[in-house]
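Values in this text are rule-based calculations from the coordinates and carry no lab data. Bear in mind the structure is a predicted one, so any value in this text is a computation, not a measurement. Heads up, the Cβs are rebuilt from the backbone with ideal geometry, glycines too, and the neighbour counts pull from every protein chain shown.
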Amino acid sequence: MSNVVRHGRRSFSIGLSAALAAALLPRRAQAGAAKIMVLGGSTIHGALGKYIETALAEAGFTTQRHAKSSSGLARPDFYDWPAAAKGYCQRFSPDAVVVMFGGNDGQGLFMGEGAKPQWTRWEDEGWKPEYRSRVEAFADAVAPNGEQIFWMGMPEMKSNKLDGRMKRMNGIYEAAMAARANGHYLSTRGLMPGVQGYSEFAKIGGKEVRVRTEDGVHYTLHGAQIVADAIVPAVAKAL
């Protein structure tokens with residue numbers, strides 16, 4: 001478990017892909033002092049978060065990234081994201097926030113010490129409204145004054161059971177963002193070229209490359225680059 005913080009608008013070791021650089025070229029002169037914070041769990045801690053942060057900084061935005069592996073909104077006893085994110089935003093004052101959670105949230109929801117019940121199980125009728133309320137509370141914490149919030153959905157998963165849970169949570173993210181004037185839902189499904197559904201490999205430049213790690217959850221460097229190439233222009237265009 002780790003917590004990573006990165007600050008942007010400087011030189012990065014990970015460069016933009018040619019396609020992404022071309023897409024963002026008109027944006028560079030306009031970005032000015034716009035500030036974007038990137039928040040999330042292990043996927044944002046890893047390659048995808050790095051690529052998104054790098055691309056936004058190279059486009060001229062001032063960026064900051066905070067990520068904690070194994071975290072999400074289900075277990076505030078492990079890491080209280082709304083409280084932590086509120087503090088990050090108070091110090092950084094972002095104009096927009098990019099968020100990705102879900103991989104660790106397909107489980108029971110911890111309701112607090114002494115709460116009755118102490119847990120809301122995945123199968124319980126109250127799970128969906130409770131999780132929706134947590135998504136909304138997080139959005140309120142990071143965008144209290146109408147700042148833009150971009151919530152990335154979860155991609156296809158190797159496990160059918162886990163994939164079903166991700167789809168359920170994606171529906172919650174999408175609905176919550178649709179209800180906010182400043183909310184944007186960004187799907188990460190169907191982004192791998194020539195692939196339908198989950199696949200560990202995709203063809204890039206005529207070559208088959210691994211785009212997902214062996215755990216069936218996370219992205220490789222190649223996969224992260226493809227997703228960033230789709231997500232970052234959508235964020236930049238909206239700002």
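Quick one: divide the alpha-carbon radius of gyration of segment 139-239 by 2.2 N^0.38 Å and tell me what you get. Walk me through the numbers before you get to the answer.
Numbers: Rg = 14.9 Å, N = 101, 2.2 N^0.38 = 12.7 Å.
Dividing the Cα Rg of segment 139-239 by 2.2 N^0.38 Å gives 1.18.
For the chain, what does -39500 (n - 2.57) per DSSP helix run (n ≥ 4), summed and divided by total residues, give at 222 nm, in deg cm²/dmol to the nearest 500? Walk me through the numbers before you get to the answer.
On the way: 7 runs with 88 residues, N = 239.
After summing the helix terms and dividing by residue count, I get -11500 deg cm²/dmol.
Within the chain, which DSSP H helices have Cα atoms that stretch 15 Å or more along the helix axis and a mean Kyte-Doolittle hydropathy of at least 0.5? Before the final figure, lay out the partial values.
Numbers: long enough: 47-58 (16 Å, 0.35); 81-92 (16 Å, -0.45); 127-142 (23 Å, -0.71); 160-178 (27 Å, -0.71); 221-238 (26 Å, 1.12).
Qualifying helices: 221-238.
Treat every Asp and Glu Cβ in the chain as -1 and every Lys and Arg Cβ as +1, leave all other atoms uncharged, and give the resulting dipole magnitude about the Cα centre to the nearest 20 debye.
Around 520 debye, computed over the chain.
Could you calculate the FRET efficiency of A137 with K167 from 1/(1 + (r/R0)^6), where r is the beta carbon distance between them and R0 is 25 Å, rounded to 0.05? Let's see the in-between values first.
Details: r = 22 Å, r/R0 = 0.89.
Calculated transfer efficiency: 0.65.
Given a cut-off of under 8 Å on Cα pairs at least six residues apart, what relative contact order in percent is computed for the chain?
Values: 432 pairs, mean separation 45.8, N = 239.
Relative contact order here is 19 percent.
When volume of the Cα convex hull per residue in Å³ is calculated directly from the model, which label among (i) 133; (ii) 171; (iii) 123 fits?
Computing volume of the Cα convex hull per residue in Å³ and matching it to (i) 133; (ii) 171; (iii) 123 gives (iii).
Enumerate lysine pairs in the chain that are 8 or more residues apart or on different chains, then count those whose Cα atoms are under 20 Å apart.
For the chain, qualifying lysine pairs total 11.
Determine the shape class of segment 49-96: with a ≥ b ≥ c the square roots of the Cα gyration tensor eigenvalues, call it rounded for a/c under 1.5, and otherwise prolate if a/b is greater than b/c, oblate otherwise. Show your work: numbers first, answer last.
Values: a/c = 3.84, a/b = 1.68, b/c = 2.28.
Oblate is the answer for segment 49-96, as a/c is 1.5 or above yet b/c matches or exceeds a/b.
I'd like the antiparallel share, as a percent to the nearest 5, of DSSP beta bridges with both residues in the chain.
Approximately 40 percent, going by the DSSP bridge assignments.
Less than 12 Å from a label point 7 Å out along the Cα-to-Cβ axis of I204: which backbone N atoms in segment 89-111 qualify, by residue?
The answer is none.
Loop-only chymotrypsin sites (Phe, Trp or Tyr not before Pro) in segment 29-107, please: DSSP not H, G, I, E or B, and at most 11 other Cβ atoms within 10 Å.
Here no chymotrypsin sites (Phe, Trp or Tyr not before Pro) fit, given the DSSP loop and packing criteria.
Please identify the longest segment of the chain free of exposed GluC sites (Glu not before Pro), where exposed means a DSSP state other than H, G, I, E or B and no more than 13 other Cβ atoms within 10 Å. Don't jump to the answer; show the numbers that get you there.
On the way: sites that count: E113, E123, E125, E214.
In the chain, the maximal stretch lacking such sites is 1-112.
How far apart, in nm, are the 7 Å Cα→Cβ label points at W119 and Q196?
The two pseudo-label positions are separated by 3.8 nm.
At 7 Å along the Cα-to-beta-carbon direction for both N145 and S70, put a label point, then send me their distance in nm to one decimal.
3.7 nm
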